[in-house]
1. Taking the alpha-carbon distance from Lys70 and a cut-off under 18 Å, which aspartates and glutamates remain once sequence neighbours fewer than 8 residues away in the same chain are dropped?
2. Counting only C-alpha contacts under 8 Å and six or more residues apart, can you give the relative contact order of the chain as a whole percent?
3. Counting only other residues whose beta carbon sits under 13 Å from that of Ser130, what net charge do I get with K and R as +1, D and E as -1?
4. Can you pull out the GluC sites (Glu not before Pro) in region 1-40 that DSSP calls coil and that have at most 11 other Cβ atoms within 10 Å?
5. With only Lys, Arg, Asp and Glu charged, each at its Cβ (+1 for the first two, -1 for the last two), find how big the charge dipole of the chain is about the Cα centre; round to the nearest 20 debye.
6. So, in region 89-150, how many Lys pairs have Cα atoms under 29 Å apart, if the pair is 8 or more places apart or on different chains?
7. Just to be sure I understand the model, the point goes 7 Å from the Cα along the line to the Cβ. What's the resulting Asp39 to Leu87 distance in nm?
8. At 222 nm, what value in deg cm²/dmol follows for the chain if DSSP H runs of at least 4 each add -39500 (n - 2.57) and the sum is divided by all its residues, to the nearest 500?
Amino acid sequence: MKLAEALNLRADLQKRIQQLRARLINNSKVQEGERTAEDPNDLMNELESCCGELCSLITRINLTNAAAEKNGSTITEMIARRDALALKLGIYRDFLNNASSVVNRMTHTEIKIRPSVEVDKLQKKIDDLSKEYRLLDTSIQEFNWTTELK
């Protein structure tokens, strides 16, 4: 199985577990003399099975990510770099949006509000970081489809 397939399976299992959670909650109480729509014991057994499968799959994914290398970096390192870039990009974008927003003045005597940075230079930096993020993410995705799961 390729790593990308395992990642898709992990996402499916996580969704399934969340659905089981909702179904368990929906079947946690019943009016006296009535029956639940689904047997909570069956749902709990299914939950146990799915969680065990998820644990095993996450372990294999993590072992694969830590061992597989491309251009001197493991997938784990690449993912960490991508996540840090995403965080930094989000902060820079929020800062730029706030810095570049127009502050309307009602009269000429009101204090002028100006950006604290050069907006065009920061936008260029954001564009460069966005490109770096896209290239790194594409490289990770390619790696996921060519790497066998351990």
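1. List returned: Asp83, Glu132, Asp137, Glu142, Glu148.
2. Once divided by the residue count of the chain, the mean separation gives 37 percent.
3. +3
4. Glu32, Glu34
5. Once rounded to the nearest 20, the dipole reads 780 debye.
6. 4
7. 4.7
8. Only helices count here, giving -25000 deg cm²/dmol.
The values are calculated or read from the model by the stated rules, or taken from the named source; none is laboratory data. All values reported here derive from a predicted model rather than from experimental measurement. Cβ sites come from the backbone with ideal geometry, for glycine too, and all protein chains shown count toward neighbours. Heads up: the accessible areas ignore ligands, DNA and RNA and are worked out on the full protein's heavy atoms, side chains in. Shrake-Rupley method; radii C 1.70, N 1.55, O 1.52, S 1.80 Å.
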